[in-house]
Structures are given as C-alpha cells and as structure tokens.
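Right, one structure below, let's go through it.
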Amino acid sequence: AGKASSAHGVDIDADARRHARRAFVKAELTNCTVRPGDMYRLDFPDARFDTVVLDEVLLEAADSQAVLAEALRVRRANGRLLVVEHIGIADENAAAGRLSALLGGCGLRCGPLRRSNDGQHKYLVAMA
C-alpha cells in the first residue's frame, strides 16, 4: 500500500482532538486533520475513503452494528476497514470472539485477528 495523501480523524472529545493535533504538529503531518464528529453520523459523503479505521471504539459502542454500518457507508467499494481494540488480559478470547462475530454479521471477511502488545497494553487488530 502506498502512502496516504491525506488522513481525516473524527472524535467527539475535544481533549482527544487537541491531543491528536499536537501529535500531527510534532510529527510534521501536514496532511492530517481531526474534527468534531459522532461515529454514528459521520459528516462525510458516501464512499469517501479508501481506508476507514475504528480505533478503540467498536467493542465499547452502545450500538456496534450502527458504527460498522456508518464506517462501511464512508468506505469505498473494495476499500479497507481496520479495527483496533484495546483489551484486558482476562477478556482477550471473549473480545476476539465478539469482534469476529460483529464483522462476520456485517458480511465482512476478516483476516486473522492479530494480537499486538506494546509492552503496556494488549490490542486486537482486524482488517476486513
């Protein structure tokens, strides 16, 4: 995959947006933006993005199916959906099972779930 020409983030939390903007400046990422938004009603046209990332929101959402439906609405046909979920040690297998079921329930073929450990946290990563 090539380098992205632009990246657009959405977060309902103002502190999270400020943190993201500081990180963009520090990393000199002039092609990245973040704006207020609601994961249930994204302010983007249909089929806007080649890749959509759901980062630590899907398993905690009140309506995970609605979040997935909105992500798929803004994803282009044959685009990618990347899901990253922080998990605790005790619920790793349950989280993996739930994530697989959610993606499969939307008709998504999910690549193998990957477990990533940054030394302090554990994550599940899925590409569909």
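On the stretch given as the range 79-88, residues that are modelled with pLDDT of 90 or more and open to solvent by 70 Å² or more (accessible area, probe 1.4 Å) total 1. Would you mind stating whether ARG21 is surrounded by 14 or more Cβ atoms within 10 Å (Cβ to Cβ), at pLDDT 95 or above and more than 15 Å from the chain's Cα centre (by Cα)? Here the answer is yes, as ARG21 does meet what is asked. Could you tell me whether the range 32-52 includes any residue that is aliphatic (A, V, I, L, M), in contact (Cβ under 8 Å) with a residue 12 or more places away in the chain, assigned to a helix (DSSP H, G or I) and surrounded by fewer than 16 Cβ atoms within 10 Å (Cβ to Cβ)? The answer is no, given that none of the residues of the range 32-52 is aliphatic (A, V, I, L, M), in contact (Cβ under 8 Å) with a residue 12 or more places away in the chain, assigned to a helix (DSSP H, G or I) and surrounded by fewer than 16 Cβ atoms within 10 Å (Cβ to Cβ). Could you check how many residues of the range 89-107 are open to solvent by less than 40 Å² (accessible area, probe 1.4 Å), touching a helix residue (DSSP H, G or I) at 6+ places or on another chain (Cβ under 8 Å) and either over 14 Å from GLU60 (Cα atoms) or among the small types (Gly, Ala, Ser) (or both)? Counting residues in the range 89-107 that are open to solvent by less than 40 Å² (accessible area, probe 1.4 Å), touching a helix residue (DSSP H, G or I) at 6+ places or on another chain (Cβ under 8 Å) and either over 14 Å from GLU60 (Cα atoms) or among the small types (Gly, Ala, Ser) (or both) gives 1.
With respect to VAL67, determine if the residue is within 22 Å of ALA14 (Cβ to Cβ), surrounded by 17 or more Cβ atoms within 10 Å (Cβ to Cβ) and under 12 Å from the mean Cα position of the chain (by Cα). So that I can check it myself, show each step before the final result.
Numbers: within 22 Å of ALA14 (Cβ to Cβ): yes; surrounded by 17 or more Cβ atoms within 10 Å (Cβ to Cβ): yes; under 12 Å from the mean Cα position of the chain (by Cα): yes.
Yes.
Every residue, every condition in (1) hydrophobic (A, V, I, L, M, F, W, C); (2) part of a loop (DSSP other than H, G, I, E, B); (3) touching a residue at least 24 places away in the same chain (Cβ under 8 Å); (4) out of contact with any strand residue (DSSP E or B) (no Cβ under 8 Å at 6 or more places or on another chain), yes or no:
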site	(1), (2), (3), (4)
VAL83	yes, no, yes, no
HIS86	no, no, yes, no
ALA95	yes, no, yes, no
LEU103	yes, no, yes, no
GLY111	no, yes, no, no
ARG115	no, no, no, no
GLN120	no, yes, no, yes
VAL125	yes, no, yes, no
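The values are calculated or read from the model by the stated rules, or taken from the named source; none is laboratory data. Just so it is clear, the model here is predicted, and its values are computed rather than measured. FYI the Cβ positions are ideal-geometry reconstructions off the backbone, even for glycines, and counts take in every protein chain you see. Side chains included, ligands, DNA and RNA excluded: accessible areas come from the protein's heavy atoms. Shrake-Rupley method; radii C 1.70, N 1.55, O 1.52, S 1.80 Å.
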